[in-house]
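In what follows, a single structure is set out as structure tokens and then discussed.
Throughout, read-outs are computed from the coordinates displayed, never taken from laboratory work. Please read these numbers as outputs of a predicted model, since none were measured by experiment.
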Amino acid sequence: MAMTSLGASLASLLSSGDVVRLEGPLGAGKTVFARGLIRALTSEGEEVPSPTFALVQVYDTKAGPLWHMDLYRLEDEDEIVDLGFEEAQDDAICLIEWPSRAESYMPDNALTVKIAVDASDASRRQVTLTAIAGHEAAWRERLATMDAGQVKGSE
């Protein structure tokens, strides 16, 4: 539940034009995090399938459109253009799993959510939120309002 809660907590801080990069190994909890975030902006009962095969799932949320992208299956990073990523950045929240598959298209102002699996306990996660130099102050200000108490435990 911790990854779901963390996603939900971050959801309230996002607005159109925000890009959130979800990084971590297979099975780390990227989609679980995304599911919590998306349900916080839509409804608890919202069906949130992994976009692994569809590559993109688009949701109408109370914060505007949200694009959940999974780039794991991209063979060439330029394929992200065909998915509509550049246009989506203008008016949508973009939540991207495997962003390194299209690194040159990632904006400098994106927030990176890095999820690591604890080597001594596979049920525990370490999550680090970072922004590229020059943008960290703006994100730090927004992230300061997150309720860290909501995200105790393991997933």
HN-Hα J couplings of the stretch 47-55 from phi, Karplus 6.51/-1.76/1.60, θ = phi - 60°, integer Hz, Gly and Pro as x? 6, 10, x, 5, x, 3, 8, 6, 6
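Need the full-extension length gain, residue 26 to residue 128, defined as separation in residues times 0.36 nm minus the C-alpha distance. One decimal, nm. Intermediate results must be reported in sequence, preceding the final value.
On the way: separation 102, 0.36 × 102 = 36.72 nm, distance 1.67 nm.
Additional length available on full extension: 35.0 nm.
To the nearest µm²/s, what D does Stokes-Einstein give for the chain at 25 °C and 0.890 mPa s, using the Kirkwood radius over alpha carbon pairs as Rh? Don't jump to the answer; show the numbers that get you there.
Details: Rh = 15.6 Å.
Roughly 158 µm²/s, to the nearest whole number.
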Distant-in-sequence amide H partners of residue 125 (H built 1.01 Å from N, under 5 Å): 118, 155
Rounded to the nearest Å, what's the spacing between the alpha carbon centres of the stretch 31-81 and the stretch 122-148? Just the number, please. 20
From the square roots a ≥ b ≥ c of the eigenvalues of the alpha-carbon gyration tensor of the stretch 26-88, which class results: rounded (a/c under 1.5), prolate (a/b over b/c), or oblate? oblate
